[in-house]
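Remarks on the structure that follows.
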Amino acid sequence: VASGDSRVLTLGVDWKDAQPAWLPDGRRLVVSARRRAGEPAGLHLLDLAPDGAVTRSPLTQPRARDDSQPAPSPDGTFVVFVREEHLLRVDLADGRVRRLTGGMKRERSPRFLRPGRIVCAWSEGKRHGIDAIDAEGKSREPLAEGGAFYRTLAPSPDGRFLAATLTWDAGFRPLDALVGSQKEEVRLLDASGRELAR
């Protein structure tokens, strides 16, 4: 960041890598990786050596659908991710994969709040919202619910705010329709899901 210099970490030859997420140690990345188009993407751990070498270790091996949107835990012991529109976690120590959510809600964009709770956006039919759950998938707490479809979430480092990408809102005002078609925008929400600014 200071110098603006960049270097290639992966060449995109053997694996096509996307959606990088840093582990807290600042030297490892988790990516969603696939060998070729049409194959399911799994999660890989990339260990970045000071000399520029990158060691790759597969974490998950999905059979049909992609493993995507990785979110490492604050302590760096596991990674939460999305598979088939539900949240799962993989423990880095033993590679064990566990499902955190199920049912009719389709979750996306998991991110960690302090102290270790997970926030995610969801959709169920025409309803959309944001929920917080614990690291075991329990103690689900609704933060927002309605017609607003939030595509991605980004908690502030102190956990007091959420920056959310609003893709569309079923509850828009008629004046919005006169002004023009709705476009994606970033909204600032407080930790309880209340809108503060656009």
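Structure notes:
- Partners of Lys16 within straight-line reach, counting aspartates and glutamates whose Cα lies under 17 Å from its Cα and excluding those fewer than 8 residues away in the same chain: Glu39, Asp47, Asp66, Asp67.
- Here's how it looks for Ala191: its modeled amide H is under 5 Å from none belonging to a residue 5 or more places away or on a different chain.
- Set of lysines near Lys138 by C-alpha distance (under 16 Å), chain-local residues within fewer than 8 positions excluded: Lys105
- In Hz, Karplus ³J(HN,Hα) per residue of segment 35-47 (6.51, -1.76, 1.60; θ = phi - 60°; x = Gly, Pro): 6, 8, 4, x, 8, x, 8, x, 8, 10, 9, 10, 9
- Of the options (1) 1, 6, 12, 14, 13, 11, 10, 9, 7, 5, 4, 3, 2, 1, 0; (2) 1, 7, 14, 18, 17, 16, 12, 8, 4, 2, 0, 0; (3) 1, 6, 8, 11, 12, 12, 13, 13, 10, 6, 4, 2, 1, 0, 0, only one is P(r) over Cα pairs in 5 Å bins from 0, in percent as computed from these coordinates, and that is (2).
- In order along segment 7-13, the phi-based Karplus estimate (6.51 cos²θ - 1.76 cosθ + 1.60, θ = phi - 60°) of 3J(HN,Hα) comes to 9, 7, 9, 10, 8, x, 9 Hz; Gly and Pro are listed as x.
- Among Glu136, Glu185, Glu85: highest mean-square fluctuation, GNM of the chain, C-alpha pairs under 10 Å: Glu185
- Charge sum, other residues only, whose C-beta stays under 11 Å from Ser156's C-beta, Lys/Arg counted +1 and Asp/Glu -1: +1
- For segment 25-118: accessible area per residue (Å², 1.4 Å): 51
- By the rule of a C-alpha distance below 12 Å, with chain neighbours fewer than 8 residues away ignored, the aspartates and glutamates paired with Lys183 are Asp169.
- Remark: the Arg117-Ala18 segment gains 33.2 nm on full extension, using 0.36 nm per residue and subtracting the alpha carbon distance.
- Simple label model, 7 Å out from Cα along Cβ direction - Ala197 to Thr152, nm: 2.0
The values are calculated or read from the model by the stated rules, or taken from the named source; none is laboratory data. None of the values given here were measured: they were computed from a predicted structure. Don't worry about glycine lacking a Cβ; one is built from the backbone with ideal geometry, like all the others, and counts go over all protein chains shown. Keep in mind that these areas ignore ligands, DNA and RNA; they rest on the heavy atoms of the full protein, side chains included. Shrake-Rupley method; radii C 1.70, N 1.55, O 1.52, S 1.80 Å.
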